Amino acid sequence: MAETVRHAIAAAASRFGFSETPRLDAELLMAHALDTTREQLLLRYLDDPVSIAFDALVERRLAHEPVAYITGCRDFWTISLAVGPGALIPRPDSETLIEAAVEHFAGRAPATVLDLGTGPGTLLLAALAEWPDAAGVGVDQSPAALDYARGNAERLGMSGRAKIIEGDWADAIGQRFDLILCNPPYVATDDALPAEVRDHEPASALLAGPDGLDDYRIITAQLSALIAPGGMAAIEIGASQAEAVTALLTAHGLHVTLRRDLGGRDRCLVATP
């Protein structure tokens, strides 16, 4: 009797002990093998025969390749983004920045958005999806990430509202924005990282010097000249960096509040003029 999807998912999940989400990983890989969504997989296909493509996907995951690179996409906020080698994979924790912006602009909408270190367009395109009348700019130094960002903007029908440019943080920016979003590198050079992150995702999007603060020192000096009146900046931080980055922001005359992610960890600093 042929193995069913249900049993193959359970067997694969039992081999993914290194993952924080073994069952989810197996379901996403199976959905990809069957060219369907995870939701449709769970509703319709659990008792079907297994796709011959599934075993190869499992082997790639066992080599610690990120699921998002295997499937080529990652959902974030209300959108789905194409991702791959050279582009930082969107994390659910980064949605804390969008949540902070939604709260700040309650009852109104930002007209302009700037995403510093946009990667595959993650925060910029999520914000433009949230506010359909807004337009924005995404900046990154990585040509590979910029290719993904431009492709994602095109697929999401946002090319007319999203300008994707190569640049070193805000060096090429000469205007103010209502909403600034930024998820910079913040991992200290000697910090340990999981194999799937260390061996696959771009170090340039992760590592930020001996204390993890190198890029914050640049960005915080630029922000006060970028935030429009009534606007805000939402900056992602590592769980232990709130005090240090707050000090950098306040030294440049900004008011700062802290937001925590769903896991209760310090995750986002909101800076206002």
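Here region 146-257 exposes an accessible surface that is 51 percent carbon and sulfur, computed with a 1.4 Å probe and the other protein chains kept in place.
When the P(r) is computed for the chain, the part past 26 Å accounts for 44% of the Cα-Cα pairs. Compared with the dominant principal axis of the Cα atoms in the chain, helix 22-33 is inclined by about 80°. Helix-only arithmetic for the chain: the sum of -39500 (n - 2.57) across DSSP H runs with n ≥ 4, divided by the residue total, places the mean residue ellipticity at 222 nm at -9500 deg cm²/dmol.
With all protein chains kept in place, the per residue accessible area of region 1-86 amounts to 54 square angstrom at a probe of 1.4 angstrom.
Across the chain, Cα pairs under 8 Å and at least six residues apart give a relative contact order of 14 percent. Projecting the Cα atoms of Pro120, Ala153, Leu193 onto the charge dipole of region 120-200 (Cβ charges, centred on the Cα centre) puts Ala153 farthest toward the positive pole.
Assuming a ≥ b ≥ c are the square roots of the Cα gyration tensor eigenvalues, decide whether region 100-197 counts as rounded (a/c under 1.5), prolate (otherwise, with a/b larger than b/c) or oblate. In terms of gyration-tensor shape, prolate. The 3J(HN,Hα) values that the Karplus relation (6.51, -1.76, 1.60; θ = phi - 60°) gives for region 260-267 are, in residue order, 9, 7, 5, x, x, 8, 4, 9 Hz. Gly and Pro appear as x. Computed from the Cβ-Cβ distance with R0 of 22 Å, the FRET efficiency linking Ala111 to Arg155 stands at 0.40. Put simply, the amide H of Val137, placed in the peptide plane, has neighbours under 5 Å in Val113, Leu114, Asp115, Lys163, leaving out anything fewer than 5 places away on its chain. When the Cα positions of Ile70, Thr246, Ser19 are compared along the charge dipole of the chain, Thr246 comes out farthest toward the positive end, with charges on each C-beta of Lys, Arg, Asp and Glu. Quick one: grab the alpha carbon gyration tensor of region 147-200, order the square roots of its eigenvalues as a ≥ b ≥ c, and give me rounded if a/c is under 1.5, else prolate or oblate depending on whether a/b is larger than b/c. Oblate, because a/c is 1.5 or more while a/b does not exceed b/c.
The values are calculated or read from the model by the stated rules, or taken from the named source; none is laboratory data. Worth saying up front: this structure is predicted, and the values here are computed from it rather than measured. Quick reminder, even Gly has a Cβ in these numbers, built from the backbone with ideal geometry, and neighbours come from all protein chains shown. Accessible surface areas use protein heavy atoms only, side chains included; no ligands, DNA or RNA. Shrake-Rupley method; radii C 1.70, N 1.55, O 1.52, S 1.80 Å.
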